[in-house]
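Participant: Below you'll find the structure I mean.
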Amino acid sequence: MEYRFLGKSGLKVSALSFGAWVTFGDQMNVDAAYACMKEAYDAGCNFFDNAEVYADGQAETIMGEVLRKGGWTRSDLVLSTKIFWGGKGPNDRGLSRKHILEGTDKALGRLGVDYVDLLFCHRPDIHTPLEETVRAMHHVVTQGKALYWGTSEWSAAQIRQAYDIARREHLIPPSMEQPQYNMFVRDRVEKEYAALYDEIGLGTTIWSPLASGILTGKYNDGIPEGSRMSLENYQWLLPQLQSDEGRRKIEVVKALAPVAADLGCTMPQLALAWCLTNDDVSTVITGASRPEQVTENMKSLTIAEQLTPDVLETIEGILGNRPTAEQDWRQS
Ligand code: NDP
């Protein structure tokens with residue numbers, strides 16, 4: 001495993017990490033989740049991601065049980081959760097001081113830990129003054145209930161504003177952002193946040209590196225039984241697959257298959273390796289519904305080493321986005 005600094009913080013996270021969305025609770029019980037997390041842990045993953053909203057808190061409960069079952073040393077782990085959607089009551093959602101403090105306490109209870117390493121504001125909350133949120137996150141960190149705080153799917157302007165408030169008020173600023181990043185969704189990570197990496201030392205823990213599985217090639221000929229897109233609760237993902245844009249994506253995945261074959265790897269490994277080649281990515285949060293997928297995905301680290309500038313340019317060509325002088329960050 002390779003370990004990368006989380007932005008300019010002193011924290012090291014495994015370049016490949018593992019998250020609980022969709023799978024824990026909806027597809028996997030404790031034993032199945034344990035099998036996947038153990039496979040990831042044994043491959044060197046130290047970072048495990050969660051959120052209060054995943055399976056309405058059940059994903060945290062399951063992860064807590066897995067942690068106890070694994071008996072792993074707490075200091076060897078980097079655990080995260082995300083606060084925003086904590087329930088149906090008027091104060092159970094958003095980023096008020098009340099929900100951040102109460103939501104964090106409940107999440108820690110479900111996980112069965114005294115602190116999370118990373119605490120994310122799961123979305124921006126336009127109804128709460130930003131200074132209230134920044135002060136609440138600072139408070140949670142100074143209480144020792146989280147070691148670092150950050151954001152998820154905030155705009156660059158919102159992250160910068162939170163950082164500026166923290167600096168002005170002598171509070172702890174955000175250290176990381178959790179954005180979607182994969183071969184199809186790139187602009188935020190590659191363009192919008194570009195200045196933030198150097199200027200505020202932002203780290204990134206990127207999500208859906210396989211575009212919910214589309215990049216594995218498993219949807220090239222329809223929707224396999226038991227796959228994410230076949231799940232009743234996740235039919236809202238289907239337009240990603242069945243729209244004109246979705247059909248274009250499938251064509252791209254089919255065109256990428258020979259590149260994977262030339263490298264002697266699978267499509268999931270190629271797509272994950274591609275994410276790893278971006279130095280502004282601190283960790284790629286992988287997801288899996290069974291341990292065999294974890295085993296396969298963890299091998300993408302060695303494939304990343306084979307992604308030479310020539311191979312990356314071939315991939316850019318297939319993605320329909322040939323690099324120009326300005327965006328040619330991979331080859332520098
Ligand atoms: P991916 O896009 O990588 O999708 C993972 C899914 O793809 C798996 O659950 C599995 O689904 C399928 N898959 C994975 N590996 C393989 C393989 N080798 N072969 C075939 N199928 C495979 O990631 P996720 O969307 O799961 O996101 C990863 C993590 O990111 C989440 O767990 C969560 O922690 C975080 N996240 C954060 C968000 C945020 O807003 N901050 C939003 C979404 C995710 P199946 O087998 O069921 O088809």
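Participant: Being modelled with pLDDT under 95 and either within 19 Å of Tyr115 (Cα to Cα) or not in a loop (DSSP other than H, G, I, E, B) (or both), is that true of even one residue in the range 27-39?
Facilitator: Among the residues of the range 27-39, at least one is modelled with pLDDT under 95 and either within 19 Å of Tyr115 (Cα to Cα) or not in a loop (DSSP other than H, G, I, E, B) (or both), which makes the answer yes.
Participant: Can you tell me which residues in the range 280-296 are more than 6 Å from the ligand (Cβ to nearest atom) and either open to solvent by less than 10 Å² (accessible area, probe 1.4 Å) or touching a residue at least 24 places away in the same chain (Cβ under 8 Å) (or both)?
Facilitator: Asp280, Val281, Ser282, Thr283, Val284, Arg290, Pro291, Val294, Thr295
Participant: Pick out the one residue from Met63, Met37 that is more than 19 Å from Phe120 (Cβ to Cβ) and touching a helix residue (DSSP H, G or I) at 6+ places or on another chain (Cβ under 9 Å).
Facilitator: Sole residue among the options that is more than 19 Å from Phe120 (Cβ to Cβ) and touching a helix residue (DSSP H, G or I) at 6+ places or on another chain (Cβ under 9 Å): Met37.
Participant: Taking the residues in the range 164-210 that are open to solvent by 30 Å² or more (accessible area, probe 1.4 Å), farther than 30 Å from Met267 by Cβ and part of a loop (DSSP other than H, G, I, E, B) as candidates, determine which candidate is farthest from the ligand (Cβ to nearest atom).
Facilitator: His170
Participant: Hey, can you tell me all the residues within the range 79-112 that are open to solvent by 30 Å² or more (accessible area, probe 1.4 Å) and in a helix (DSSP H, G or I)?
Facilitator: If the condition is that a residue be open to solvent by 30 Å² or more (accessible area, probe 1.4 Å) and in a helix (DSSP H, G or I), then Arg97, Lys98, Leu101, Glu102, Asp105, Lys106, Gly109, Arg110 are the ones that fit.
Participant: Please go through the range 148-164 and give me each residue that is of a type outside the set (Ser, Thr, Tyr) and more than 18 Å from the chain's Cα centre (by Cα), ordered by number.
Facilitator: Across the range 148-164, the qualifying residues are Ala157, Gln158, Arg160, Gln161, Ala162, Asp164.
Participant: Looking at (1) in a helix (DSSP H, G or I); (2) aliphatic (A, V, I, L, M); (3) more than 25 Å from Ala33 (Cα to Cα), which is the one condition that is false for Met229?
Facilitator: Looking at each condition in turn, Met229 falls short on (3).
Participant: Could I ask something else about it? If I filter the range 235-272 down to residues being of a type in the set (Gly, Ala, Ser) and either under 30 Å from Gly201 (Cβ atoms) or in a helix (DSSP H, G or I) (or both), which single residue comes out as nearest to the ligand (Cβ to nearest atom)?
Facilitator: Step one: of the range 235-272, the residues of a type in the set (Gly, Ala, Ser) are 243, 246, 255, 257, 260-261, 264, 271.
Checking the rest, the ones that are also either under 30 Å from Gly201 (Cβ atoms) or in a helix (DSSP H, G or I) (or both) come to 246, 255, 257, 260-261, 271.
Numbers: Gly246: 14, Ala255: 19, Ala257: 14, Ala260: 12, Ala261: 16, Ala271: 8 Å.
Of everything passing the filter in the range 235-272, Ala271 is nearest to the ligand (Cβ to nearest atom).
Participant: Which count do you get for residues in the range 215-234 that are touching a Phe, Trp or Tyr at 6+ places or on another chain (Cβ under 8 Å) and either more than 8 Å from the ligand (Cβ to nearest atom) or without any contact (Cβ under 8 Å) to a residue 12 or more places away in the chain (or both)?
Facilitator: Number satisfying all stated conditions: 0.
Participant: Right, something else. What single numbered condition from (1) free of Cβ contacts under 8 Å to residues at least 60 places away in the same chain; (2) within 15 Å of the ligand (Cβ to nearest atom) fails to hold for Cys275?
Facilitator: Cys275 satisfies all of (1) free of Cβ contacts under 8 Å to residues at least 60 places away in the same chain; (2) within 15 Å of the ligand (Cβ to nearest atom) except (1).
Participant: Which ones in the range 42-63 are more than 15 Å from the ligand (Cβ to nearest atom) and open to solvent by less than 70 Å² (accessible area, probe 1.4 Å)?
Facilitator: Passing the criteria: Gly44, Thr61.
Participant: Of the conditions (1) assigned to a helix (DSSP H, G or I); (2) out of contact with any Asp or Glu (no Cβ under 6 Å at 6 or more places or on another chain), Ile223 fails just one. Which one is it?
Facilitator: Only one criterion is unmet by Ile223, namely (1).
The values are calculated or read from the model by the stated rules, or taken from the named source; none is laboratory data. As the structure is a computational prediction, the values presented were derived from the model and not from experiment. All Cβ positions, glycine included, derive from the backbone under ideal geometry; neighbour counts span all protein chains shown. Heavy atoms of the whole protein, side chains included, go into the accessibility calculation; ligands, DNA and RNA do not. Shrake-Rupley method; radii C 1.70, N 1.55, O 1.52, S 1.80 Å.
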